Amino acid sequence: IKKIIYIDPDIILFNEYSDNIINGFYHPSQNVLKKLKPYVKSKFLILWYDTCSDSFFYKNLKPKFDIFDFHVIVENPEKKLIGIKEHEFKKLLFLYPIPNPNELYKIDVPKNIDVSFLGQIDSYREYRKIFIEKLNKEKLSNSDLDIYISTNQKANFLTHIEYANILNRSKISINFSKSVHFDQLKGRIWEILL
């Protein structure tokens, strides 16, 4: 807090926000942020992911709405937030996480994977299983097709380098945009295009 007051940055950016312990760390409590605000000219910006459920506004956003100057929604193309009032939209920014086309994403890589899918198939994503099972059957019955499927859960995700390598080598990459209750525009779409 002393460092923030001393530096007094223009913007303090939060990558999501939770009052729970995340990876062994707490975010500053809402109380701390409220006390800090009068001592800095900083704008508090927060990035929100996974906003495409009917309960997101009431469960996640509303309790913290006034603490932050701007709420940046990064994956909600239809700008649907169930429960938000018209005047509250002025605190929302709808931006999309277009990745930097750095050394990870390359166009000139030989395309030796015909079809790839890198994603999850659990929870609200279970509808994807039917498509992935069909791809797996195709893979078994057609040895000419090179199909790469990774449905690992978070604890076993590919590294970012491995992930980018698969996308670089794929002729077709599959992305499902349906989220909990409506469509999502996740970063994978931009990564596939890169």
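The values are calculated or read from the model by the stated rules, or taken from the named source; none is laboratory data. Here the structure is a predicted model, which is why all the values come from computation and not from measurement. Methodologically, a virtual Cβ is constructed for each residue, glycine included, from the backbone with ideal geometry; neighbour enumeration extends over all protein chains shown. Calculation scope for accessible area: heavy atoms of the full protein, side chains included, ligands and nucleic acids excluded. Shrake-Rupley method; radii C 1.70, N 1.55, O 1.52, S 1.80 Å.
Here are some notes:
- Pairs where the first residue, in segment 168-194, is in a strand (DSSP E or B) and the second is acidic (Asp, Glu) and surrounded by fewer than 15 Cβ atoms within 10 Å (Cβ to Cβ), C-beta under 7 Å, 6+ apart: Asp183/Glu78
- Within segment 27-54, tally of residues that are under 22 Å from the mean Cα position of the chain (by Cα) and either modelled with pLDDT of 90 or more or open to solvent by 60 Å² or more (accessible area, probe 1.4 Å) (or both): 11
- Taking the criterion of being in contact (Cβ under 8 Å) with a residue 24 or more places away in the chain, open to solvent by less than 60 Å² (accessible area, probe 1.4 Å) and either of a type outside the set (A, V, I, L, M, F, W, C) or assigned to a strand (DSSP E or B) (or both), the residues of segment 61-96 that qualify are Lys64, Asp69, His71, Val72, Ile73, Glu75, Asn76, Pro77, Gly83, Lys91.
- Hey, Tyr17 under 20 Å from the mean Cα position of the chain (by Cα), surrounded by fewer than 18 Cβ atoms within 10 Å (Cβ to Cβ), under 28 Å from Ser177 (Cα atoms) and touching a residue at least 24 places away in the same chain (Cβ under 8 Å) or not: no
- Residue ID - modelled with the highest pLDDT, chosen from residues in segment 97-152 that are part of a loop (DSSP other than H, G, I, E, B), surrounded by 15 or more Cβ atoms within 10 Å (Cβ to Cβ) and touching a Leu at 6+ places or on another chain (Cβ under 8 Å): Tyr105
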